[in-house]
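The values are calculated or read from the model by the stated rules, or taken from the named source; none is laboratory data. A quick note: this is a predicted structure, and the numbers were derived from the prediction, not measured. Cβ coordinates were reconstructed from backbone atoms using ideal geometry, including for glycine residues, and neighbour counts include every protein chain displayed.
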Amino acid sequence: MFLNITYNPYAPQRPGYPGLFYRTHATELPKIHRVFIRVKDRVWLYIGQYELVRSEPLTVQEWAVTSEQTKKKWASQISKQLWGQEVRTRIALRRSLRREPTAPELARAMGENIEDDEDVSGDSDKDSNGFVSGEQDIGSEITAEDVRHAFDKGDEVSRLSRPNQTVLDGTLKN
C-alpha cells in the first residue's frame, strides 16, 4: 500500500508510528499490507507491515477541519480517477433521484449485473434513470466542486482505516 501524505495527512510517518488512512469505499481491504509513504516524487519509504482496522467515518466537523490542500486533492482526484466512480455515481444519482440511491440502484448504475426484486417495469436491462447497465458513466459530469460540496454537506464521507503495525522490519520478504 502506497500512501501519499497529500491524500492521507495522518498516515504513519515512520516505522511503528500510528496513523489513519482515508478511503472512499466501504468495502473491506485485505488485513495485512506492506506500507510505503511518499517522501517526494518517485521516492517512497517502506515503514513496515500494518494491519488495517476499520474506524468510524469522518464526521462533517472532522472533514471541515481537514486541511484545504487535502480536501482539494481528494475532490479533484475523485472527480477524475476510476477509483472515484462510485462516489461520482452516488452524487449523480442523488441529484437525479432527489433522494439517497438504494444499493441496487447504485449497483445497476455502476454497471453491475444484479437481480433486483424492486424492478417492476419488466425491463431489467435499464436502471431507474433509463440507462442500460454499463451503457455510460452517469457520474462522468460530476466535477471536483460537486464532490467537494457532497463531502462538505456530509452526503459523502471519508471512511477511515487505522493501521496497526504488525511487523517492524526494514526489508521486504516473500
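Brief remarks on what is shown
- Selection status of Leu58, assigned to a strand (DSSP E or B), among the aliphatic types (A, V, I, L, M) and touching a strand residue (DSSP E or B) at 6+ places or on another chain (Cβ under 7 Å): no
- Residues located in segment 135-162, provided they are part of a helix (DSSP H, G or I) and not basic (Lys, Arg): Ala144, Glu145, Asp146, Val147, His149, Ala150, Phe151, Asp152
- Residues that are basic (Lys, Arg) and assigned to a strand (DSSP E or B) within segment 1-52 comprise Arg23, Arg34, Arg38, Lys40, listed in sequence order.
- Among the candidates Pro9, Pro15, the residue that is surrounded by 14 or more Cβ atoms within 10 Å (Cβ to Cβ) and touching a helix residue (DSSP H, G or I) at 6+ places or on another chain (Cβ under 6 Å) is uniquely Pro9.
- Selection status of Pro101, part of a loop (DSSP other than H, G, I, E, B) and in the same structural domain as Phe151 (by TED's automatic domain parsing): yes
- Against the numbered list (1) modelled with pLDDT under 95; (2) touching a helix residue (DSSP H, G or I) at 6+ places or on another chain (Cβ under 6 Å); (3) part of a helix (DSSP H, G or I), Asn129 comes up short only at (3).
- Within segment 33-67, considering residues that are small (Gly, Ala, Ser) and surrounded by fewer than 20 Cβ atoms within 10 Å (Cβ to Cβ), the one farthest from Ala144 (Cα to Cα): Ser55
- Out of Val120, Val157, sole residue that is modelled with pLDDT of 50 or more and not aromatic (Phe, Trp, Tyr): Val157
- Only one of the listed residues (Thr102, Thr70) is surrounded by 17 or more Cβ atoms within 10 Å (Cβ to Cβ) and closer than 26 Å to Ile142 by Cβ. That residue is Thr70.
- Single unsatisfied condition, Arg108 versus (1) part of a helix (DSSP H, G or I); (2) within 21 Å of Arg148 (Cβ to Cβ); (3) among the basic types (Lys, Arg): (2)
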